[in-house]
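Q: Please read through the structure below; I'll follow up with questions.
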Amino acid sequence: MNIRQKWNNYYLNKCLQRLDNLSKEKIFIAEKNSDIFNKDLKNYDALVLVEPLNQTFDLISFFNYLKNSTNSNCKIFFFYFSKRWYPLFILLELFKITKKLDHDEFSYIDSKKINLFLNLCDYSTNTTINVSNFLFKNKFINFFLDAFNTIFPFFDLFSFCQIKCVSLINHSLKKNYKTSVIIPCRNEMENIPSIFDELKKIESNFEAVFVDDQSTDKTKENILEEINKNNNLKIKLIAGEGINKYRAVRKGVLNSTNDICIILDADLAVKAAEVNKCVKLMEQKNFDMINCSRFIYRQKNFSMRFLNFFGNKFFSLLFSLIVKDNVTDTLCGTKAFHRSDWRLFENFANKTKNFDKWGDFNIIFGSFFYGLKVQEMPVRYYPRVSGSSKMTNRLKRFYQMILACFFAFLTFNN
């Protein structure tokens, strides 16, 4: 097997593991970039370009053709080389390992250049994969190079190339989504009336799914009382398993019925009015997941404890290194996503040994891993009014979160 065949196999495996939720019939693998002109691309939900994008002469025309020929939700995987690898290609040609290239026609592209082409043609990057290790069979060398690239993302000397997953920025497709607001609650009886007052501020067509996670106070009774008082609202009350927040959210999602799910914490540190903004972004901008961030606006005094603040900052940096994108908040409970994508988050949780007990990590990591279109949205963050925080035993939680990040790193670089 020559070096080109080894690369093709490695590259295809990298792409296909991010598409394991799709059937083979929905994935078109183009051995040559020109193959796209001979297929009805509307039938596919993913397109994998095996030939390097550098060999496409007119990238603007190429991406514009894809824009007009694929369905609006199609994910496109491609790879490209940067200028720094010019000496290597010359060396490979000299020893006749690869065919001689026309280096006047072969476009060397860096991240800034590829983003320029993508923006011109209404595409945005969903996820980026740095490739450093396909030449080496030794797992320890592979792990070292991947770790080095993750820890020092701006020093990407060992990146053989970059793989990108992109999709259309759809300006014209606007939908009227029905929303399921998932509210996990455990011992939050004093907050229940305020939650119902907040729910009345939601403008979209919605249902609220309360998950009473084995409360030992009157949370369940108060929810039932408020349901009787507010029979104009569509409310479900589900019994949770009492295991952890991730399992409670899972129970709520599986018992929801609408197009998108939005998690709302029962402490109301993020107000229900933010739900309206999430819905509008997903309807008008074609985003797949909205990650609300508490670290854009200035926080209210005492809204977050000192160690929690710096712990969040630490994990935001760690996430950004792993997913190769900027993540400013990892543990904000308010997140919006398509209900149909929940299976992807479950798949990612299974890949990473289910160490995430809160669910936030699985949703963020899973979204980037599977190439969903992610957008952060600033929200105001307020102190808890009543009840106590469920983020207890912080040393144990920190250990669990570190393990979740470690297994996520291994999954992203497998």
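The values are calculated or read from the model by the stated rules, or taken from the named source; none is laboratory data. All values derive from a computational prediction rather than experimental measurement. Note that each Cβ is placed from the backbone with ideal geometry, even for glycine, and that neighbours are counted across all protein chains shown.
Q: Under 6 Å by Cβ, and 6 or more places apart or on different chains, what pairs join a residue from the stretch 274-303 that is closer than 11 Å to Glu376 by Cβ with one that is of a type in the set (Lys, Arg) and surrounded by 15 or more Cβ atoms within 10 Å (Cβ to Cβ)?
A: Hits for this filter: Phe287/Lys373; Asn291/Lys335.
Q: For the stretch 350-390, name all the residues that are of a type in the set (A, V, I, L, M, F, W, C), assigned to a helix (DSSP H, G or I) and surrounded by fewer than 22 Cβ atoms within 10 Å (Cβ to Cβ).
A: First pass over the stretch 350-390, keeping only residues of a type in the set (A, V, I, L, M, F, W, C): 355, 358, 361, 363-365, 368-369, 372, 374, 377, 379, 385.
Still in the list and also assigned to a helix (DSSP H, G or I): 361, 363-365, 368-369.
Within the stretch 350-390, none qualify.
Q: A follow-up question, please. Residues to consider are Phe79, Phe57, Phe37; find the one that is outside the structural domain of Asp288 (by TED's automatic domain parsing) and in contact with a strand residue (DSSP E or B) (Cβ under 8 Å, 6 or more places away or on another chain).
A: Phe79 is the lone residue from the list that is outside the structural domain of Asp288 (by TED's automatic domain parsing) and in contact with a strand residue (DSSP E or B) (Cβ under 8 Å, 6 or more places away or on another chain).
Q: List the number of the failed condition for Ile243; all other conditions in (1) in a loop (DSSP other than H, G, I, E, B); (2) among the β-branched types (Val, Ile, Thr); (3) under 22 Å from the mean Cα position of the chain (by Cα) hold.
A: The single condition Ile243 does not satisfy is (3).
Q: Another one. Taking only the stretch 285-322 into account, find how many residues are among the aliphatic types (A, V, I, L, M) and touching a strand residue (DSSP E or B) at 6+ places or on another chain (Cβ under 7 Å).
A: Total satisfying the criteria: 3.
Q: Can you name the number of the only condition in (1) more than 29 Å from Pro378 (Cβ to Cβ); (2) in contact with a Gly (Cβ under 8 Å, 6 or more places away or on another chain) that Arg250 fails?
A: Condition (1) is where Arg250 drops out.
Q: Restricting to the stretch 247-261, count the residues that are within 20 Å of Ser293 (Cβ to Cβ) and part of a helix (DSSP H, G or I). Break it down stepwise before answering.
A: At the first step, the residues of the stretch 247-261 found to be within 20 Å of Ser293 (Cβ to Cβ) are 249, 260-261.
Checking which are part of a helix (DSSP H, G or I) leaves us with 249.
Summing the residues that are within 20 Å of Ser293 (Cβ to Cβ) and part of a helix (DSSP H, G or I) in the stretch 247-261 gives 1.
Q: Going through the stretch 292-320 one residue at a time, which ones are in a helix (DSSP H, G or I) and under 14 Å from the mean Cα position of the chain (by Cα)?
A: Once the filter is applied, which keeps residues that are in a helix (DSSP H, G or I) and under 14 Å from the mean Cα position of the chain (by Cα), the stretch 292-320 yields Ser316, Phe319, Ser320.
Q: A further question follows. Could you please tell me which pairs satisfy a Cβ distance under 6 Å, a separation of 6+ or placement on different chains, a first residue in the stretch 249-260 that is farther than 13 Å from Phe337 by Cα, and a second residue that is part of a loop (DSSP other than H, G, I, E, B)?
A: Lys251/Gly240
Q: Would you check if Ile195 is farther than 30 Å from Cys121 by Cβ, at pLDDT 95 or above and over 22 Å from the mean Cα position of the chain (by Cα)?
A: Yes; evaluated as a whole, the condition is true for this residue.
Q: Return a yes/no flag: does the stretch 262-284 have any residue that is part of a loop (DSSP other than H, G, I, E, B), among the polar types (S, T, N, Q) and either in contact with a helix residue (DSSP H, G or I) (Cβ under 7 Å, 6 or more places away or on another chain) or farther than 18 Å from Val209 by Cα (or both).
A: Within the stretch 262-284 (the criterion being part of a loop (DSSP other than H, G, I, E, B), among the polar types (S, T, N, Q) and either in contact with a helix residue (DSSP H, G or I) (Cβ under 7 Å, 6 or more places away or on another chain) or farther than 18 Å from Val209 by Cα (or both)), the answer is no, since none of the residues qualifies.
Q: Across the stretch 313-337, which residue is surrounded by the fewest Cβ atoms within 10 Å (Cβ to Cβ) among those that are more than 20 Å from Asn126 (Cβ to Cβ) and in contact with an Asp or Glu (Cβ under 7 Å, 6 or more places away or on another chain)?
A: My answer is Leu331.
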